[in-house]
1. The conditions are (1) surrounded by 12 or more Cβ atoms within 10 Å (Cβ to Cβ); (2) under 19 Å from residue 12 (Cβ atoms); (3) at pLDDT 85 or above, and residue 66 fails exactly one of them. Which is it?
2. Considering only residues that are among the aliphatic types (A, V, I, L, M), at pLDDT 95 or above and surrounded by 14 or more Cβ atoms within 10 Å (Cβ to Cβ), look in segment 5-25 and name the one that is farthest from residue 176 (Cα to Cα).
3. So is residue 222 buried (at least 16 other Cβ atoms within 10 Å of the Cβ) and out of contact with any Ser or Thr (no Cβ under 6 Å at 6 or more places or on another chain) or not?
4. Given the criteria under 21 Å from the mean Cα position of the chain (by Cα) and buried (at least 18 other Cβ atoms within 10 Å of the Cβ), does residue 35 qualify?
5. Within segment 93-110, how many residues are free of Cβ contacts under 8 Å to residues at least 24 places away in the same chain and among the small types (Gly, Ala, Ser)?
6. From 98, 128, 155, grab the single residue that is among the charged types (D, E, K, R), crowded, with 17+ Cβ neighbours inside 10 Å and either at pLDDT below 85 or at negative phi (or both).
Amino acid sequence: MDKKLLKDGVIKYLAGVLLIGLLLYLPAGTLSWRDGWIFMALLFIPMLLAGILMYFKAPDLLRSRLNAKEKQSEQKEVIGYSGLMFLAAFILAGLNYRFRWIFLPKSVVKAACIVFLISYGMFGEVLRENAYLSRTIEVQEGQTVVDTGLYGIVRHPMYFATVLLFLSMPLVLNAPLSFLIMLGYIPIIMKRIRNEEQVLEKELKGYTEYKQKVRYRLLPFIW
C-alpha cells in the first residue's frame, strides 16, 4: 500500500470539495441551494469511487492524474485561463441563485444531470482504454498509440468527454449565465489539443500514422 499516494489523493480530493463548496455557497449566501448539493454529489461521489478504484487497480495512473505540473509553457497559460473561467462560472452560479436572476426549466436541469453522468462514464472508459493518460502533456516511458474504442472515433475522446462535462455543469447548477462563460472552454481546449499534438508527433512513435487513420480531433465530421 502506497501511503504517500493515498495521502496525496485524500488531500487533493478534500481540497477540491472545500474549494468548490466555498466558490458556490459563499456567493449563494445559503446552504439551502438544492441544485448546488446535487452538483457536488454528481461531481465528487463518482470522483471518489474512481480514485479508490485506481488506487487499488492502477496506482501509476492515479499518480499521473494527480500530477498537475505542466512542463509546456503554452499549457500553463491554458490552465490559467481555465482556472479563471471556472472561478467566474462557479461564483456567478452562486450569485445567480442568491439574487434569483435567470433560471432554467427543471427538465433542462434533469437532462443536464444525465449528460453529466454520461460524460463521467465516457471519461472512465477513456481511462480504462488508455493507461498513459496524465493531466499534463507528456510522453511517458513505454507509451504506445491507442487506436481502439473511443480512440478509433476521435483522437481526443477524453477532451470530448470534458467538453460535455464542463458545459453540463452550469446547467446542473441552473445557472445559464455561467453556461455562457463555460463556452470559453471550447477555444481553450482547442488550443491545448493543437499544442499536445505537436508534442505527440515529435515524441510518440506512430502518432503521425494514427492522425492519418483517425481524422477528427474532437468531434466527428466537424473538427
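1. For residue 66, the failing item is (3).
2. Selected residue: 17.
3. Details: buried (at least 16 other Cβ atoms within 10 Å of the Cβ): no; out of contact with any Ser or Thr (no Cβ under 6 Å at 6 or more places or on another chain): yes.
No, not satisfied.
4. Working: under 21 Å from the mean Cα position of the chain (by Cα): yes; buried (at least 18 other Cβ atoms within 10 Å of the Cβ): yes.
The answer is yes for residue 35.
5. Narrowing segment 93-110 to residues free of Cβ contacts under 8 Å to residues at least 24 places away in the same chain: 99-100, 105-107, 110.
Filter once more, so that each one left must be among the small types (Gly, Ala, Ser): 107.
The total comes to 1.
6. Details: 98 fails: crowded, with 17+ Cβ neighbours inside 10 Å; 128 fails: crowded, with 17+ Cβ neighbours inside 10 Å.
One residue alone meets the criteria, 155.
The values are calculated or read from the model by the stated rules, or taken from the named source; none is laboratory data. As the structure is a prediction and not an experimental result, all values here were calculated from the model. Reconstructed Cβ throughout: ideal geometry from the backbone, glycine too, with neighbour counts over all protein chains shown.
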